[in-house]
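Here is the structure we will look at.
The values are calculated or read from the model by the stated rules, or taken from the named source; none is laboratory data. Please read these numbers as outputs of a predicted model, since none were measured by experiment. With ideal geometry, Cβ positions are generated from the backbone for all residues, glycine too; neighbour counts draw on all protein chains shown. Note: accessible area is taken over every heavy atom of the protein model, side chains too, but ligands, DNA and RNA are not part of it. Shrake-Rupley method; radii C 1.70, N 1.55, O 1.52, S 1.80 Å.
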Amino acid sequence: MKCNIGNTVINYEVKGSGKPILLFSGFATDMNTMKNCMEPIFSKKSGWKRIYVDHPGVGDTLVGIDIKGPKDFFNTILEFVEAVIGKKERFVLAGYSFGGYISRYILNHKFNMVDGLLLINPLIFPGIENCDIDTNVKEIKNADKGTQEKIEKRTAIDIDKSMAKTNFEFLNMLKDTGHEFIIEIDNFNKSFEKPTLILTGRQDNAVGYRDAFKIIDKYPRASYCVLDKSGHTIQIEQEELFNKLVEEWLYRVEENANC
């Protein structure tokens with residue numbers, strides 16, 4: 001599906017019906033990164049309207065000339081949310097890596113309309129060069145060759161293939177003006193008291209796990225998990241645990257909405 005926001009045409013896909021959940025993938029990966037890890041979970045559930053998004057710069061979204069920097073980027077995202085969700089319907093947010101940053105930005109502006117938050121290997125502070133990464137931990141491969149081959153095969157599809165249409169020239173422009181990313185993230189005056197799940201990898205050498213714990217006080221309903229044998233693709237490297245934890249989070253969101 002397509003949504004025109006100014007000169008930008010945002011590509012997105014809707015699956016199912018019910019409670020809307022917006023899902024954003026990483027800085028340079030398209031919607032398939034999220035779709036491939038979340039749809040197996042949602043296939044066992046009903047009552048959820050999944051909205052997978054190619055943010056400007058990835059997938060089949062066409063970037064307009066009016067996006068000249070991060071502020072324009074995020075304004076476009078907010079306008080997209082209002083276009084597909086509206087101003088009165090409540091919704092849930094989920095994001096992987098940079099998608100977690102996008103989700104927290106939306107939360108800041110739509111605080112009273114959001115019923116849950118899922119952050120997967122999230123970028124917490126602007127600029128990946130500023131991430132607090134534990135350099136003492138090293139990548140751990142599985143002793144079982146079959147398991148390791150499965151992980152590598154899925155990574156090639158969910159991550160590498162998801163960058164096939166990425167507009168790196170545009171994304172590099174955003175990074176070059178990265179100081180403007182420091183805008184209204186976690187800037188709400190009160191705690192977000194809705195079910196939250198923050199998943200991090202102990203061996204994540206892209207964004208690390210430490211920064212996510214620094215914002216935990218803003219999220220009193222958050223489960224914060226650091227999983228061993230997991231880098232920046234926790235949904236692939238620890239698939240079984242990932243699925244169980246996300247299922248439990250979805251249950252908490254549903255339970256809280258019915259209270």
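Out of curiosity, is Asp158 part of a loop (DSSP other than H, G, I, E, B), out of contact with any strand residue (DSSP E or B) (no Cβ under 6 Å at 6 or more places or on another chain), surrounded by 14 or more Cβ atoms within 10 Å (Cβ to Cβ) and among the acidic types (Asp, Glu)?
Answer is no for this residue.
Which numbered condition in (1) of a type in the set (Lys, Arg); (2) in contact with a helix residue (DSSP H, G or I) (Cβ under 8 Å, 6 or more places away or on another chain); (3) surrounded by fewer than 20 Cβ atoms within 10 Å (Cβ to Cβ) is the only one that Lys214 fails?
Going through (1) of a type in the set (Lys, Arg); (2) in contact with a helix residue (DSSP H, G or I) (Cβ under 8 Å, 6 or more places away or on another chain); (3) surrounded by fewer than 20 Cβ atoms within 10 Å (Cβ to Cβ) one by one, Lys214 breaks only (2).
Can you go through Lys175, Lys153 and tell me which one is open to solvent by 20 Å² or more (accessible area, probe 1.4 Å), within 17 Å of Ser97 (Cβ to Cβ) and part of a helix (DSSP H, G or I)? I'd like the intermediate steps shown before the answer.
Numbers: Lys153 fails: within 17 Å of Ser97 (Cβ to Cβ).
When all the criteria are applied, what remains is Lys175.
Only residues that are part of a helix (DSSP H, G or I) and either surrounded by fewer than 22 Cβ atoms within 10 Å (Cβ to Cβ) or not aliphatic (A, V, I, L, M) (or both): list them for the stretch 82-106, please. Working first, answer last.
Residues of the stretch 82-106 part of a helix (DSSP H, G or I): 82-85, 98-106.
Glu82, Ala83, Val84, Ile85, Phe98, Gly99, Gly100, Tyr101, Ser103, Arg104, Tyr105, listed by residue number.
Only one residue in Asp228, Asp176 is more than 17 Å from the chain's Cα centre (by Cα) and over 24 Å from His55 (Cβ atoms), so which one is that? Full working, then the answer.
Numbers: Asp176 fails: over 24 Å from His55 (Cβ atoms).
Within the list Asp228, Asp176, the selection yields Asp228.
Would you point out which residue out of Glu247, Glu255 is touching a helix residue (DSSP H, G or I) at 6+ places or on another chain (Cβ under 8 Å) and either under 18 Å from Gly127 (Cα atoms) or assigned to a helix (DSSP H, G or I) (or both)?
Details: Glu255 fails: touching a helix residue (DSSP H, G or I) at 6+ places or on another chain (Cβ under 8 Å).
On inspection, the qualifying residue turns out to be Glu247.
Name every residue in the stretch 29-41 that is among the acidic types (Asp, Glu) and either in contact with a Pro (Cβ under 7 Å, 6 or more places away or on another chain) or surrounded by fewer than 17 Cβ atoms within 10 Å (Cβ to Cβ) (or both), in order of residue number.
Matches in the stretch 29-41: Glu39 only.
Which residues, taken from the stretch 6-28, are among the polar types (S, T, N, Q), open to solvent by 10 Å² or more (accessible area, probe 1.4 Å) and in contact with a Ser or Thr (Cβ under 9 Å, 6 or more places away or on another chain)?
Correct list: Asn11, Ser17.
Here are the criteria: (1) open to solvent by 40 Å² or more (accessible area, probe 1.4 Å); (2) in contact with a strand residue (DSSP E or B) (Cβ under 6 Å, 6 or more places away or on another chain). Tell me which single one Tyr251 does not satisfy.
(2)
Would you confirm, using the coordinates I've provided, whether Ile67 is of a type outside the set (Ser, Thr, Tyr), surrounded by 22 or more Cβ atoms within 10 Å (Cβ to Cβ) and more than 30 Å from Phe242 (Cβ to Cβ)? Step through it out loud before you land on a result.
Numbers: of a type outside the set (Ser, Thr, Tyr): yes; surrounded by 22 or more Cβ atoms within 10 Å (Cβ to Cβ): yes; more than 30 Å from Phe242 (Cβ to Cβ): yes.
Judged against the criteria, Ile67 is a match.
Looking at the stretch 125-139, which of its residues are within 19 Å of the chain's Cα centre (by Cα), more than 16 Å from Ile215 (Cα to Cα) and assigned to a loop (DSSP other than H, G, I, E, B)?
If the condition is that a residue be within 19 Å of the chain's Cα centre (by Cα), more than 16 Å from Ile215 (Cα to Cα) and assigned to a loop (DSSP other than H, G, I, E, B), then Gly127 is the only one that fits.
Here is a list of conditions, (1) among the small types (Gly, Ala, Ser); (2) touching a helix residue (DSSP H, G or I) at 6+ places or on another chain (Cβ under 8 Å); (3) part of a loop (DSSP other than H, G, I, E, B), and Ser223 meets all of them except one; can you say which number that is?
Among (1) among the small types (Gly, Ala, Ser); (2) touching a helix residue (DSSP H, G or I) at 6+ places or on another chain (Cβ under 8 Å); (3) part of a loop (DSSP other than H, G, I, E, B), the lone unmet condition for Ser223 is (3).
Identify, from the list Asn187, Asn205, the residue that is farther than 25 Å from Leu245 by Cα and either open to solvent by less than 50 Å² (accessible area, probe 1.4 Å) or outside any strand (DSSP E or B) (or both).
Details: Asn205 fails: farther than 25 Å from Leu245 by Cα.
Within the list Asn187, Asn205, the selection yields Asn187.
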